[in-house]
Amino acid sequence: MAGNIIDVHCHLFAFDLKDGFVNTQFIRSLRMNSYLKGIGVDPYDLNDPYFYNIERLHEEYRNAMLRHIEESALSHVVVLPFDGVYDLDGKLDKTHTSLYVSNDAVWELHRLSPDKIIPAASINPVRADWREELAKCIERGIKIMKWLPSVMSFSPDGGAYFPVRRVEEYSSHINEFYDLTRDAGITILTHVGFEFALPVLKRLYARLERLGLPLSKNVSLCAAHLAGGTPYVNRSGQFNLMKIMVKARANLYFDTAGMSSVHRKARLKASLADEIIHSRIVYGSDYPIRVSSRPFLTELKAAGLLEEFRDTKNPFDRDILIKRAMGMNNDDFARGYELMNQ
Ligand SMILES: [Zn+2]
């Protein structure tokens with residue numbers, strides 16, 4: 001596989017309390033089971049009938065991920081922490097948080113593979129200590145900030161989420177948050193559109209339209225999953241909005257995270273076929289989300305990559321081959337470096 005490849009969207013999960021947690025419901029879900037199996041970690045094979053050997057699961061996940069990164073064709077991979085839901089006092093709300101991975105956990109992980117792993121940050125702007133946490137991440141030279149507003153339960157446009165007593169405070173500090181991230185050259189990598197991978201609290205917060213405020217403040221943005229859209233079809237209204245936004249803003253990108261799946265194929269195909277959108281595509285895998293090969297066999301065959309794909313076990317490399325077969329070129333795979341130099 002020729003050329004530099006940077007993956008801007010790879011998830012660390014944390015199962016122990018030092019680095020974060022996965023809540024009881026989510027850890028037992030079919031989704032989690034599928035992610036773990038997809039990377040070769042069998043939760044039922046961990047010498048515990050309830051697979052609650054948390055330390056072991058934590059280690060197994062990290063080891064599988066590090067090995068896959070090391071052995072892959074990737075030149076660099078941005079590993080994402082994942083902030084939680086916060087209550088009205090700005091404290092972590094453990095009941096509504098399904099996944100939490102601290103910024104420190106990812107920072108520590110990158111020391112184990114410093115040549116390949118680029119650590120990102122994740123800060124819910126609702127948390128009481130967001131200024132301190134952001135200052136720490138800026139100090140560390142972090143360039144990517146991961147958000148999933150519909151799961152983390154905040155609105156990127158500072159809109160009406162809070163009861164009256166906090167609306168004013170939130171709308172003023174979200175502006176400050178954007179000023180600080182922009183001035184530090186941080187790109188906000190934010191989930192847009194429907195979400196099946198994690199339990200959703202407020203679906204509307206993930207709408208593309210909600211990104212108007214950060215764009216107007218000239219914050220560099222990367223809308224994950226090619227801005228989502230609708231499963232299985234590429235609706236023209238939503239797609240046209242992407243084009244309008246791209247024409248208006250030079251610092252708006254779209255990643256391909258999770259696009260190697262049947263319900264996202266239509267959006268991937270349409271995005272690569274459109275000259276304007278294509279020029280803003282950056283590569284993201286969404287590891288450990290599973291790559292499904294069946295919907296792409298025709299394209300893999302047509303591109304002469306089917307045999308190589310069948311011989312490839314590495315989840316990153318399998319994802320790269322599918323996206324290459326769909327039409328991503330070397331420039332697309334390397335475009336993520338632009339996000340590091342905002
Ligand atoms: Zn993701």
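Values computed for the structure shown
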item	result
Residue 31 vs. criteria over 30 Å from residue 338 (Cβ atoms), out of contact with any helix residue (DSSP H, G or I) (no Cβ under 8 Å at 6 or more places or on another chain) and within 16 Å of the ligand (Cβ to nearest atom)	yes
Selected residue (only one of 73, 64 is away from the ligand (no atom under 16 Å from the Cβ), surrounded by fewer than 21 Cβ atoms within 10 Å (Cβ to Cβ) and within 15 Å of residue 285 (Cα to Cα))	73
Condition met for residue 96 (at pLDDT below 95 and either part of a loop (DSSP other than H, G, I, E, B) or β-branched (Val, Ile, Thr) (or both))	yes
The range 209-237, subset crowded, with 19+ Cβ neighbours inside 10 Å and either among the acidic types (Asp, Glu) or at pLDDT below 90 (or both), residue nearest to residue 154 (Cα to Cα)	210
So residue 47, is it touching a helix residue (DSSP H, G or I) at 6+ places or on another chain (Cβ under 8 Å), exposed (fewer than 13 other Cβ atoms within 10 Å of the Cβ) and at pLDDT below 90	yes
Tabulated pairs, the range 306-332, first under 14 Å from residue 294 (Cα atoms) and in contact (Cβ under 8 Å) with a residue 40 or more places away in the chain, second assigned to a helix (DSSP H, G or I) and polar (S, T, N, Q), C-beta under 7 angstrom, 6+ apart or interchain	none
Criterion (touching a helix residue (DSSP H, G or I) at 6+ places or on another chain (Cβ under 8 Å), in a helix (DSSP H, G or I) and closer than 17 Å to residue 10 by Cβ) met by exactly one of 109, 134	109
Residue match in the range 193-207 (condition: of a type outside the set (D, E, K, R), modelled with pLDDT of 75 or more and in contact with a strand residue (DSSP E or B) (Cβ under 7 Å, 6 or more places away or on another chain))	no
Filtered residue count, the range 215-237, keeping only those that are over 19 Å from the mean Cα position of the chain (by Cα), polar (S, T, N, Q) and either in a loop (DSSP other than H, G, I, E, B) or under 21 Å from residue 323 (Cβ atoms) (or both)	2
The range 284-302, residues that are within 17 Å of residue 73 (Cβ to Cβ) and within 13 Å of the ligand (Cβ to nearest atom)	284, 285, 286, 287
Only listed residue being small (Gly, Ala, Ser) and either assigned to a strand (DSSP E or B) or within 16 Å of the ligand (Cβ to nearest atom) (or both), chosen from 141, 84	84
Helices (runs of 4 or more DSSP H) within the range 260-342 that include 2 or more residues of a type outside the set (D, E, K, R) and in contact with a helix residue (DSSP H, G or I) (Cβ under 6 Å, 6 or more places away or on another chain)	265-273, 275-278, 306-311, 315-326
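The values are calculated or read from the model by the stated rules, or taken from the named source; none is laboratory data. Just so it is clear, the model here is predicted, and its values are computed rather than measured. Neighbour counts run over all protein chains shown; Cβ positions are idealised from the backbone, glycine included.
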